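Take a look at the structure set out below.
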Amino acid sequence: MKTGIYISGFGHIALLGWLLIGGFLLSQRKPPTMTVSSVTIVSPEAFAALTSNAPAPDTAIGQPKPPQIDAASPDRPKPEDAPRLNGAGAALKVQEPSKSPDLSAITSSIKTKAQTVLADMPEPSAPDAPGVTLLVPTDPIAARDNTGIKVPDRLAIVTPPEPSSPRVDTTPAPAPDPSAEKSNLTQKATVPDAAATKAIPKTTAKAPEQASTRIVPESNTKTSPRAPVRSSRPKGRPRDLAKRVNTASQIEKALAQAQAGGKTGPKPAVAASKAAPSGPPLTISEKDGLRLAVENRWNLGSLSSDAMRVTVTVGFSLGRDGKPLPGTIRLISSTDASNAASKQAYEAARRAILLSGAKGFDLPAQKYEHWRDIEMTFNPEKMRIK
Amino acid sequence: MRSLAIISTLSLFLTAVFAPQFVAAQTTGPLRIEITEGVIEPMPIAAPAFVAENTAAQQLADDLAQVVVSDLVGSGIFRAIPRKAQISGISNFDAPIQFSDWKAINAQALITGSVSVRLSGKIAVKFRLFDVFAQTALGEGLQFVGTRADWRRMAHKVADSVYSRLTGEKSYFDSRVVFVSETGPKNARLKRLAMMDYDGANLQFLTDDRSLVLAPRFSPDNSRVLYTSYETGVPHVFLLNLKTMRRKKIGALQGMMFAPRFSPDGKTALVSLSDRGNTDIYSINLASGKQTRLTSSPSIETAPSYSPDGKQIVFESDRAGSQQIYVMAASGGEARRISFGNGRYGTPVWSPRGDLVAFTMMNKGRFHIGVMRLDGSEERLLTSSFLDEGPTWSPNGRVLMFFRQTRGADGAPSLYSVDISGRNLKRVNVAGFGSDPSWSGLLK
């Protein structure tokens, strides 16, 4: 019987001893929780920004701060120096990648993101920006513009207002699976591409390229209650346009202003005219003056009936004195295959040019580039005997 | 709504893409001007006195130049700059041209020439034509050699060359006109055939005035003349050889024969034959005398004229109740009417170019000379008077000659010419009265 008691007593003693000593041992065997605590070091904003596939426009533009990139680009940064984004690097810096396998996935992801951000940053164009929509305002933008910038009431690219809710998720990331095995793979730190980093500073410093020639201030879009949702029918040409513009000079002035340029004019035309001869083009009256001068000398009285049916295009160049340059008058095209008739029609046209330009055409000298080379089509249809 | 948005977007895109290119093309290319209005006025030319290379040619040189200028100016296409306005003359035919002197007086063409009388008695005429503003010669220089009696023809030849080079079409100065010369009071008018240069010079009579003659027509080779004569008491058609001045009666048909016209090959003549109140058109082979009736309607068909290719005939007929113009095959058959305007149409003549028909139109008591296309389109009346009749074409088909009768007891016919545009209407300088002109082809 005592044997049983002894056994029982020994068992209890052992149990008590295990309870006393075993708690300490158990506390030493707790699974490492460092991975969880390390993750929490990364700020939510940085984490969301780095893991987001579609960063907000301001984030995409503002992330690669020039000083950081410039510091990294001349020399190859050390692995621990590379990820310096939004303070996340402070926690990562104290840990060597090779000695923290639990963080390898995250650091690798951060580094990759960092590289991706660096490589993808150069051209943040407006169409790539999420939420930018091509819409036509219901009401003229100019009517709603309170910035003082004159905006034509036509099509425009309007950026929608920023979302009121933050794009960074403040919910802490879940803890990794405790059963995950440690990776023995040693991953080297990614080095930013030098070529990519070289192109960044210039692009990050400037605003994204405007897809439209109109300036739509962001402040205006923020205050806009809503983006336009439908397109309005373009206004028809007023029937009484001729009455509104009474004189030809007004029309010419308007045309000259529109084509010449100013910043308030149609931007595509202005952009295209950069390759054209400098200065405003000839006005209608100036062209009419040239045309009338030649018409007064275009004598069809000596043309044969066949030649009166031929339309010829004659090219020539003028000197700065307005006189046709010798040897530049040439037949470009003719509507008749008959050499005799075409020749006669060309001769009459050539005489008209030479006679009318004998003393120099009355053309503005400052627009010489516009009237230096001329192609004139002589069409005798109205003069033809019927 | 969605589709509208798509269209708007697409339009904006296309505008943004292509508008700059369009504007750039507009602004970067040469300045393009279209000239649709011009002037129709004579071209100013300068023709200084021809250089006389020897003393015997002194007068000829001056006369030749005057005829050349008269031809060109008379065409209505050129205007001669007076010699007194010319800054410099031409003293040496081969000397370089001072174009600035001619350019200063606005001469667009310059004609220089020289005349020499050779020991054989023949005269030689040389000329050159220059484009003053281009300061180049227009074509090669030409020389004509002939007898002194032919000096006017040589002058016409020079004018023809100038005309062709400046207008690009054939000329008509070296040609002749056969017509009916009339003398005496209106109630006792004497008529006879006469021939002259186109400008009225070198007039010569072909028949005497013992019998009435009408409607002479030149043969295509200018060697013969068909005409109507009353010498047998009734009108009949005769063929006159201009070289031998021998004539013969053509055909053996009974009735009144009139309104003859040569075929383009000169082998056949078309005539009108009026028999027992019906008038029809016949063709007569001039060599064999074979006669072929081309029309057989009970109406009056007359004034036939061949097309230049000889395949068709234009004539006048009152088969529709009034006098109108019709076209049919040269062998006869169905005819189609081509005149549909107000009034009566007669004396149609086919243009040597083949594109127009000249006619006389009578409407509301006035007579007109006009032209129309073969389908009757583009009809235009060129003249209007108390009596205009009998148009005939110049060799190049650009000028019409006709005769105009004045009103009243002293009324008399005169020859006139007019451009087919209706411009340059002028009286031909003929001694006496003249009617029924027929223009020859260009002389060889």
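The values are calculated or read from the model by the stated rules, or taken from the named source; none is laboratory data. On a predicted model such as this, the values are computed, not experimentally measured, just so you know. Don't worry about glycine lacking a Cβ; one is built from the backbone with ideal geometry, like all the others, and counts go over all protein chains shown. Protein only, heavy atoms only, side chains kept; ligands, DNA and RNA dropped before computing areas. Shrake-Rupley method; radii C 1.70, N 1.55, O 1.52, S 1.80 Å.
Quick check: pseudo-label points 7 Å beyond the Cα along Cα→Cβ at B:Phe340 and A:Ile13, how many nm apart are they?
Each label point is offset 7 Å from its Cα along the Cβ direction, giving 14.4 nm.
By the scheme Lys and Arg +1, Asp and Glu -1, what is the net charge of all other residues having a beta-carbon under 14 Å from that of B:Ala46?
Values: positive: B:Arg79, B:Arg83, B:Lys84, B:Lys103, B:Arg128; negative: B:Asp101, B:Asp131.
Here the charged neighbours net out to +3.
At a probe radius of 1.4 Å, what is the per-residue accessible area of A:Tyr6, in Å² to the nearest 10?
That residue has around 150 Å² of solvent-accessible surface.
Which listed residue (B:Gly441, B:Ala52, B:Leu72) has the Cα farthest towards the positive end of the charge dipole for chain B, taking +1 on Lys and Arg C-beta and -1 on Asp and Glu C-beta about the Cα centre?
My answer, from the dipole projection, is B:Gly441.
Treating only the Cβ atoms of Lys and Arg (+1) and Asp and Glu (-1) as charged, compute the dipole magnitude of the stretch B:176-439 about its Cα centre; round to the nearest 20 debye. Display every interim value, and only then the final one.
Numbers: 34 positive and 24 negative charges, 63 e Å.
Roughly 300 debye for the stretch B:176-439.
Report the Cα centroid-to-centroid distance between the stretch B:201-267 and the stretch B:296-328 in angstrom, as an integer.
Computed from Cα coordinates, the inter-centre distance equals 21 Å.
Could you give me the radius of gyration and the Dmax of chain B, taking only the C-alpha atoms into account and expressing both in angstrom?
Computed over the Cα atoms of chain B, radius of gyration and Dmax are 27.6, 100 Å.
Simple spin-label model, 7 Å along Cα-to-Cβ: B:Gln135 to B:Ser384 in nm?
5.0 nm
Between B:Glu301 and residues 5 or more places away or on another chain, which pairs have amide H atoms under 5 Å apart, with H built 1.01 Å from N, and which residues are they?
B:Thr279, B:Asp280
About the Cα centre of the stretch B:43-167, what is the dipole size in debye to 20, counting +1 per Lys and Arg Cβ and -1 per Asp and Glu Cβ, all else neutral?
160 debye
Need one value: the accessible area of B:Thr347 in square angstrom, 1.4 angstrom probe, rounded to the nearest 10.
Spelled out: B:Thr347, probe radius 1.4 Å, area about 40 Å².
Would you compute, from DSSP H runs of 4+ residues alone, the mean residue ellipticity of chain B at 222 nm, taking -39500 (n - 2.57) per run and dividing by the full residue count, rounded to the nearest 500? Walk me through the numbers on the way to the answer.
Values: 4 runs with 67 residues, N = 444.
Only helices count here, giving -5000 deg cm²/dmol.
For the pair B:Gln66/A:Ile332, report the inter-label distance in nm, with labels modelled 7 Å from Cα in the Cβ direction.
5.0 nm
Across the stretch B:206-220, in residue order, what do the Karplus-derived ³J(HN,Hα) couplings come to in whole Hz, using 6.51 cos²θ - 1.76 cosθ + 1.60 with θ = phi - 60° and x for Gly and Pro?
Once θ is set to phi - 60°, the couplings for the stretch B:206-220 become 9, 9, 8, 9, 6, 9, 6, 10, 9, 6, x, 9, 6, 7, x Hz.
Return the average number of partner chain Cβ atoms within 10 angstrom of each residue Cβ along peptide B:41-47.
Partner-chain Cβ atoms within 10 Å, mean over residues of B:41-47: 2.
Let's see if you can work this out: charge +1 on each Lys and Arg Cβ, -1 on each Asp and Glu Cβ, no other charges. What is the dipole magnitude of the stretch B:24-92 about its Cα centre, in debye to the nearest 20?
200 debye
Using a 7 Å offset from Cα along Cα-Cβ at B:Asn363, what residues in the stretch B:315-348 end up with backbone N under 19 Å from the label point?
B:316-318, B:320-326, B:337-348
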